[in-house]
Amino acid sequence: VKVNVDLSKTAPFVAAPEIEGLSHLAKESNKALHNGTGKGNDFLGWVNLPFEITNEHILDIKQAAATLSKDVDVVVVIGIGGSYLGAKAVIDALSNSFSQYTKGAHPHIVYAGQNIGEEYHAELLDFIKTQSVSCIVISKSGTTTEPAIAFRLIKQHIEEKYGKEEAKRRIVAITDESKGALRQLADTEGYKTFVIPDNVGGRYSVLTPVGLLPISVAGFDIAKLVEGARLMAEQCKPEIAFAQNPAEQYATIRNVLYKKGKKIEMLVNFNSKLHFMSEWWKQLYGESEGKENKGIFPAAADFSTDLHSMGQYIQEGERILFETFLGIENVSRDLRVPMDKENLDMLNFLADKHIDDVNKMAELGTILAHIDGGVPAIRLGIEKVDETNLGSLIYFFEKACGISGYMLGVNPFNQPGVEAYKANMFALLDKPGFEEEGKKLRARL
Ligand code: PA5
């Protein structure tokens with residue numbers, strides 16, 4: 001497997017020596033990730049994680065998935081941010097687009113605690129009333145408010161419906177080894193638990209049980225996902241020359257373009273199943289790089305859909321954008337445009353063509369049009385959407401993000417800015433200890 005980084009469509013905007021000039025910094029940054037000499041070096045557990053996942057660990061996760069799935073229609077996965085997006089991204093990418101409307105061999109996965117919607121959670125409780133349900137609750141800190149509220153609701157539902165003893169089979173908690181309210185609760189209730197390693201931050205945790213357990217419940221091959229990540233980890237090591245090193249290349253071109261005033265990167269795809277891969281990517285890059293008043297703003301679009309909305313801005317709006325095309329070389333289905341004798345819709349010039357061939361021409365046409373409009377285009381190509389390739393892609397993006405963050409001079413592994421809203425929310429809710437701040441805030445409203 002590989003991620004093919006094609007920089008040829010950035011050539012009108014970037015001279016080769018500019019890439020060469022920054023490539024050394026990419027190499028040094030990559031080395032710092034491996035030597036632990038950079039910022040945030042207590043959060044580098046993800047770097048070698050694919051090599052450290054044992055067969056026993058995979059088996060343990062698969063067994064837990066089987067227990068959670070037994071005679072179950074719906075598994076509620078509770079989590080937010082890094083405790084939610086990775087699993088959702090992989091499951092959506094691998095699932096049939098209409099699987100939510102059909103009954104398959106594996107339970108449906110639904111999500112909770114990724115928002116504080118009263119209607120959303122009330123509707124979820126209505127829905128699971130008639131379903132056999134189990135739950136995975138995920139919070140590294142074990143103290144995040146959104147998933148904690150959702151878990152209180154789902155836990156009560158499960159206990160009322162099945163009793164406390166059966167709830168132990170139907171609830172798995174993924175959290176810190178020793179700290180946090182969720183750890184205490186899970187130990188007190190006797191739930192099966194998995195640990196999120198201390199040195200792996202939320203947005204880098206998809207290859208821990210945070211991602212692997214929900215993905216396994218959804219019926220996908222987590223061993224292949226890990227294998228894909230392992231193969232990519234080999235290709236992105238600092239010992240691999242820049243010319244062959246996809247993570248260093250992607251990190252470098254992003255920083256070259258950023259220095260030229262391209263402050264927004266749009267990750268775009270031509271496959272609607274990848275929508276949440278982009279959401280995961282947005283979190284990874286936005287939370288890692290957006291600090292100290294710097295960082296590329298990560299945005300995303302799903303094409304062709306968004307070509308008929310954001311396409312106008314991309315073509316002709318402010319020239320502060322570059323695009324990263326996530327290209328999929330092969331599709332797994334065979335569907336062609338039918339011939340129609342009457343040809344009233346004038347589409348017979350496409351008759352017998354694969355739908356994907358039309359899609360590919362839309363992609364190439366878009367790349368060329370956007371270059372003409374002043375938007376540099378990076379293309380990241382993977383062979384197909386399967387577990388191995390997605391595992392590779394995930395590790396590639398993680399590695400490039402770590403390198404890119406170091407090139408920018410920030411700590412890519414913290415998120416101090418996320419605390420500001422939480423403190424205000426607690427104060428406005430009069431959480432014990434926040435009352436004084438609450439008074440001050442209310443005076444400003
Ligand atoms: O990347 C991160 O660290 C965050 O997005 C967290 O994953 C998110 O805030 C959820 O935190 P927790 O798992 O502690 O509930």
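Could you check GLY38 against (1) buried (at least 18 other Cβ atoms within 10 Å of the Cβ); (2) more than 30 Å from LYS262 (Cα to Cα); (3) not hydrophobic (A, V, I, L, M, F, W, C) and say which number it fails? For GLY38, the exception is condition (2).
If the condition is being outside any helix (DSSP H, G or I), more than 11 Å from the ligand (Cβ to nearest atom) and in contact with a Leu (Cβ under 9 Å, 6 or more places away or on another chain), then the range 148-187 contributes ILE171, VAL172, ALA173. Output the qualifying pairs, or none if there are none: Cβ atoms under 6 angstrom, residues six or more apart or on different chains, first residue in the range 339-365 and closer than 27 Å to ALA301 by Cα, second residue of a type outside the set (Val, Ile, Thr). Listed pairs, sorted by first residue: HIS354/ARG336; ILE355/LEU335; ASN359/PHE270; ALA362/SER304; GLU363/PHE270. Only residues that are in a helix (DSSP H, G or I), aliphatic (A, V, I, L, M) and more than 12 Å from the ligand (Cβ to nearest atom) were counted across the range 194-219, and they come to 4.
In the range 195-208, the count of residues that are out of contact with any Leu (no Cβ under 8 Å at 6 or more places or on another chain) and loosely packed, with under 14 Cβ neighbours inside 10 Å is zero.
For ALA247, the conditions (1) within 24 Å of the chain's Cα centre (by Cα); (2) assigned to a helix (DSSP H, G or I); (3) more than 16 Å from the ligand (Cβ to nearest atom); (4) closer than 16 Å to LEU68 by Cα all hold with the exception of (4).
For every residue, the table says whether it meets (1) under 30 Å from ILE264 (Cα atoms); (2) loosely packed, with under 10 Cβ neighbours inside 10 Å.
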site: TYR313; (1), (2): yes, no
site: THR324; (1), (2): yes, no
site: ILE328; (1), (2): yes, no
site: ARG336; (1), (2): no, no
site: LYS341; (1), (2): no, yes
site: LEU344; (1), (2): no, yes
site: LYS353; (1), (2): no, no
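The set of residues in the range 11-57 that are closer than 17 Å to ALA247 by Cβ and among the β-branched types (Val, Ile, Thr) comprises ILE19, VAL47. Scanning the range 413-444 for residues that are exposed (fewer than 10 other Cβ atoms within 10 Å of the Cβ) and either part of a loop (DSSP other than H, G, I, E, B) or of a type in the set (S, T, N, Q) (or both) yields PRO432, GLY433, ARG444. Is the range 54-77 home to any residue that is crowded, with 18+ Cβ neighbours inside 10 Å, out of contact with any strand residue (DSSP E or B) (no Cβ under 7 Å at 6 or more places or on another chain) and not in a helix (DSSP H, G or I)? No, because not a single residue in the range 54-77 is crowded, with 18+ Cβ neighbours inside 10 Å, out of contact with any strand residue (DSSP E or B) (no Cβ under 7 Å at 6 or more places or on another chain) and not in a helix (DSSP H, G or I). Against the numbered list (1) modelled with pLDDT under 95; (2) surrounded by 13 or more Cβ atoms within 10 Å (Cβ to Cβ), LEU408 comes up short only at (1). Of everything in the range 390-440 that is free of Cβ contacts under 8 Å to residues at least 24 places away in the same chain and at positive phi, the residue that is farthest from the ligand (Cβ to nearest atom) is ASP430.
Criterion first (among the small types (Gly, Ala, Ser) and away from the ligand (no atom under 16 Å from the Cβ)) does ALA377 satisfy it? Against the criterion (among the small types (Gly, Ala, Ser) and away from the ligand (no atom under 16 Å from the Cβ)), ALA377 qualifies.
Among the residues of this structure, GLN235 does not count as one that is polar (S, T, N, Q) and free of Cβ contacts under 8 Å to residues at least 12 places away in the same chain.
One residue alone among GLY365, GLY374, GLY381 is over 26 Å from the mean Cα position of the chain (by Cα), under 30 Å from GLU318 (Cβ atoms) and surrounded by 14 or more Cβ atoms within 10 Å (Cβ to Cβ), and that residue is GLY374. Restricting attention to the range 407-422, the residues that are farther than 12 Å from GLY290 by Cα and of a type outside the set (D, E, K, R) total 3.
Filtered by the rule that a residue be among the acidic types (Asp, Glu) and more than 22 Å from TYR204 (Cβ to Cβ), the range 265-285 gives no residues. Any idea which of LYS291, LYS259, LYS224 is farther than 18 Å from VAL90 by Cα, in contact with a helix residue (DSSP H, G or I) (Cβ under 9 Å, 6 or more places away or on another chain) and surrounded by fewer than 17 Cβ atoms within 10 Å (Cβ to Cβ)? Checking each option against the conditions leaves just LYS259.
Consider PHE325 against the criteria (1) among the aromatic types (Phe, Trp, Tyr); (2) outside any strand (DSSP E or B); (3) touching a residue at least 24 places away in the same chain (Cβ under 8 Å): it satisfies all of them except one. Which criterion is unmet? It fails just one condition, (2). Screening the range 129-147 for residues that are free of Cβ contacts under 8 Å to residues at least 60 places away in the same chain and surrounded by fewer than 20 Cβ atoms within 10 Å (Cβ to Cβ) and picking the one that is nearest to the ligand (Cβ to nearest atom) gives SER141. Among the residues making up the range 78-122, a single one is surrounded by fewer than 19 Cβ atoms within 10 Å (Cβ to Cβ) and part of a strand (DSSP E or B): VAL110. Just a yes or no: is a residue in the range 100-109 polar (S, T, N, Q) and either farther than 20 Å from SER205 by Cα or more than 15 Å from the chain's Cα centre (by Cα) (or both)? Checking the range 100-109: at least one residue is polar (S, T, N, Q) and either farther than 20 Å from SER205 by Cα or more than 15 Å from the chain's Cα centre (by Cα) (or both).
The values are calculated or read from the model by the stated rules, or taken from the named source; none is laboratory data. On a predicted model such as this, the values are computed, not experimentally measured, just so you know. Cβ: placed from backbone, ideal geometry, glycine included. Neighbour counts: every protein chain shown.
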